[in-house]
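A.B. asks: Okay, handing you the structure first.
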Amino acid sequence: MLFDIVDVNSSPSLSDPWWKVFYDFSSLTHKIDSSLHNAMSQFWTTIAEMLIIGVLILLFYALIGLFLVYAERKVCAFMQNRLGPNRVGPFGIFQTIADLFKLLFKELIPIKNADSFLFNLAPFIVIIASFMAIAAIPFAKGLHAIDLNIGVLYVIAVSAMGVIGVLLAGWSSNNKYSLIGAMRSGAQIVSYELSVGLSIITIVILAGSMQLSEIVEAQRTGWFIFKGHIPAFIAFIVFLVSSTAETNRGPFDLAEAESELTAGYHTEYSGIKFAFFFLAEYINMFIVASIAATVFLGGWMPFNVGHWDGFNHVMDFVPPFVWYIGKTFFVIFIMMWFKWTFPRLRIDQLLTLEWKYLLPINLVNVLIMAFLVLMGWHF
Amino acid sequence: MASNQIMFILFAAMIIVFSVLTVTSRKILRAAVYLLFVLVSTSGLYFMLNYQFLAAVQLTLYAGGIVVLIIFSILLTSHISQKFESSGWKKNVFSAIAAITGAILSIITILDYKFSATTEAAKEVDMRLIGKSLLSVDYDGYVLPFEVISVLLLATMVAAIVIAKKSGPAKTQSPTLNQE
């Protein structure tokens, strides 16, 4: 079934202590699944499971969004030698919650000469695209909503659909700044998608599978960035650069360059509709970072080194979910570092970087990786 | 009713409604968005068939690629106030006749065909299988169509470059985006 909670081969046993669940969520999900099956028919079980997963993802989405906005402001302040938000709550941690309430209470300004249907649809397309992508990401062992056998391709396909929302927002606002912002964003995302795809294909060659759970499982003996050494490392760098561009973040934030275009495609949006764009940007960053963590850095697999059994045992003691979050936030920190240290590129520089540098490097890199796998020169 | 049937009816209704809206809408960008909905629902049907690869390809190529290009070209060429005039009744009648005839023909063909249910278990179509059959020269192989399509794509790409190339010293003033 498509909507079944992911099936992991291990059988759950009831005698395990309660904290074991943090190392393997499959026993918990199996228990919930079987108790729902006892209570109602197959049809309603599917509906109930979809609802539970939907609510959980929604909650996670909101919390991660709030936290990332706070993290961005703190990291930005750190880079610029400031303090950042520090008034609302200890270290200002409630600042984003206050901001959220402010956005919720703001007026939704209707635009007179805008295409109101598309204008209202655009933020939803952006947010649905990121929502669909987050469903296929493996958070920990057994904590994986849909385990498609083409997981990587699905995530790339779905997360790229957000650009349609951006294009619609820019056009339907009936504003030149918005239109130029949307146009830039379109050109940028369409071209950088190639690099994202190709750099992931490099790793798919090494893994021999596109299923995210299998990709994670194949990294039990070593993360792919170490296993595939040189080409994997090049692919990781290319992925970082091109995925930063794909999420419209600085130094590639031409679509909303505030010094020239006020706010680009979301200039005309206010209140919660603006918040949707804002939230989707951060969630897209999170999705991209978790793909990088899953594909290159081993997902929820702990850091194990060859035969250092004592070291490996200590590493295995840290729950997989903590590993996953740690790696993801490491990648997110690198992306924030990019944003606050590099100057913004011009549109021609941006396209030159992609078509004249990243794409040829990537194509050669795929060949090198294929050769490496054929010769068995990887670890 | 099983959940599968409910999902199928939902997707089918979405495809039909949005297809009709695509051709009847008089605002061009809205038509493109309705087309997007049609393509996304089609990929939902593929997901129901458990053919996830095709569904993801449908999403990347059609929804993420072709619709984005269509929307992009609309953004470059048309203004928001533009609205197509409704075509005359002659056109409406004849195109309706053509569409209904086509629909009736294909419905008759589908109903005539005896769909025999197989007892085989559903096959897991994974990436390895697809890759192998795409490049296989055996009876079930697809290497010839694959190569033909590759040559076709190469030809289109060369043609696009030739068209886009600046032709010699005779410079023609063409309006660009920057002059806005």
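The values are calculated or read from the model by the stated rules, or taken from the named source; none is laboratory data. All values derive from a computational prediction rather than experimental measurement. Positions of Cβ are generated from backbone atoms using ideal geometry, with glycine treated the same way; all protein chains shown enter the neighbour counts.
A.B. asks: Could you tell me which numbered condition A:ASP115 fails, if it satisfies all but one of (1) away from every other protein chain (no Cβ under 14 Å); (2) under 30 Å from B:SER25 (Cα atoms); (3) of a type in the set (D, E, K, R)?
C.D. replies: Failing condition for A:ASP115: (1).
A.B. asks: If you go through segment B:72-81 one residue at a time, how many are surrounded by 12 or more Cβ atoms within 10 Å (Cβ to Cβ), facing chain A (nearest Cβ under 8 Å) and farther than 17 Å from B:VAL23 by Cβ?
C.D. replies: The number of residues fulfilling the criteria is 3.
A.B. asks: Could you please tell me which pairs satisfy a Cβ distance under 9 Å, a separation of 6+ or placement on different chains, a first residue in segment B:120-144 that is more than 17 Å from A:LEU148 (Cβ to Cβ) and within 11 Å of chain A (Cβ to nearest Cβ), and a second residue that is of a type in the set (S, T, N, Q) and exposed (fewer than 11 other Cβ atoms within 10 Å of the Cβ)?
C.D. replies: none
A.B. asks: Then there's this: What tally of residues in segment A:103-147 results from selecting those that are in a loop (DSSP other than H, G, I, E, B) and within 30 Å of A:VAL216 (Cβ to Cβ)?
C.D. replies: Result for segment A:103-147: 11.
A.B. asks: If A:SER195 passes every condition in (1) within 13 Å of another protein chain (Cβ to nearest Cβ); (2) of a type in the set (Gly, Ala, Ser); (3) under 20 Å from B:THR60 (Cα atoms) but one, which one does it miss?
C.D. replies: Result: A:SER195 fails condition (1) only.
A.B. asks: Can you list residue pairs whose Cβ atoms sit under 6 Å apart, with the first residue in segment B:91-105 being surrounded by fewer than 10 Cβ atoms within 10 Å (Cβ to Cβ) and the second being basic (Lys, Arg) and not in a helix (DSSP H, G or I)? Count only pairs 6 or more apart in sequence or on different chains.
C.D. replies: none
A.B. asks: Moving on to the next point. Can you tell me how many residues within segment A:83-102 are in a loop (DSSP other than H, G, I, E, B) and small (Gly, Ala, Ser)?
C.D. replies: Qualifying residue count for the region: 2.
A.B. asks: Filter segment B:4-33 down to the residues that are of a type outside the set (A, V, I, L, M, F, W, C) and under 20 Å from A:MET50 (Cβ atoms), then identify the one that is surrounded by the fewest Cβ atoms within 10 Å (Cβ to Cβ).
C.D. replies: Out of the qualifying residues, it is B:GLN5.
A.B. asks: Additional query: Please tell me if A:GLU246 is in contact (Cβ under 8 Å) with a residue 60 or more places away in the chain, among the acidic types (Asp, Glu) and surrounded by fewer than 24 Cβ atoms within 10 Å (Cβ to Cβ).
C.D. replies: So A:GLU246 does not fit the description; no.
A.B. asks: Something else about it: For A:ALA160, only one of the following conditions fails: (1) at pLDDT below 85; (2) more than 15 Å from the chain's Cα centre (by Cα). What is its number?
C.D. replies: (2)
Here's the yes/no breakdown for (1) more than 20 Å from A:GLY162 (Cβ to Cβ); (2) more than 10 Å from chain A (Cβ to nearest Cβ); (3) among the aliphatic types (A, V, I, L, M):
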residue	(1), (2), (3)
B:ALA2	yes, no, yes
B:ILE28	yes, yes, yes
B:VAL38	no, yes, yes
B:ALA55	no, no, yes
B:LYS83	yes, yes, no
B:PHE94	yes, yes, no
B:ALA99	yes, yes, yes
B:GLY102	yes, yes, no
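A.B. asks: Among the listed residues A:LEU372, A:LEU358, which satisfies the condition of being touching a Ser or Thr at 6+ places or on another chain (Cβ under 7 Å) and touching a residue at least 40 places away in the same chain (Cβ under 8 Å)?
C.D. replies: On inspection, the qualifying residue turns out to be A:LEU358.
A.B. asks: What's the total number of residues in segment A:335-364 that are out of contact with any Leu (no Cβ under 8 Å at 6 or more places or on another chain) and buried (at least 18 other Cβ atoms within 10 Å of the Cβ)?
C.D. replies: Final tally of qualifying residues: 3.
One line per residue, one yes/no per condition, for (1) more than 7 Å from chain B (Cβ to nearest Cβ); (2) over 22 Å from A:SER242 (Cα atoms); (3) buried (at least 24 other Cβ atoms within 10 Å of the Cβ); (4) of a type in the set (Phe, Trp, Tyr):
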{"residue": "A:VAL158", "(1), (2), (3), (4)": "no, no, yes, no"}
{"residue": "A:MET161", "(1), (2), (3), (4)": "no, no, no, no"}
{"residue": "A:LEU167", "(1), (2), (3), (4)": "no, no, yes, no"}
{"residue": "A:TYR177", "(1), (2), (3), (4)": "yes, yes, no, yes"}
{"residue": "A:GLY181", "(1), (2), (3), (4)": "yes, no, yes, no"}
{"residue": "A:GLY208", "(1), (2), (3), (4)": "yes, yes, no, no"}
{"residue": "A:GLY222", "(1), (2), (3), (4)": "yes, yes, no, no"}
{"residue": "A:ILE225", "(1), (2), (3), (4)": "yes, no, no, no"}
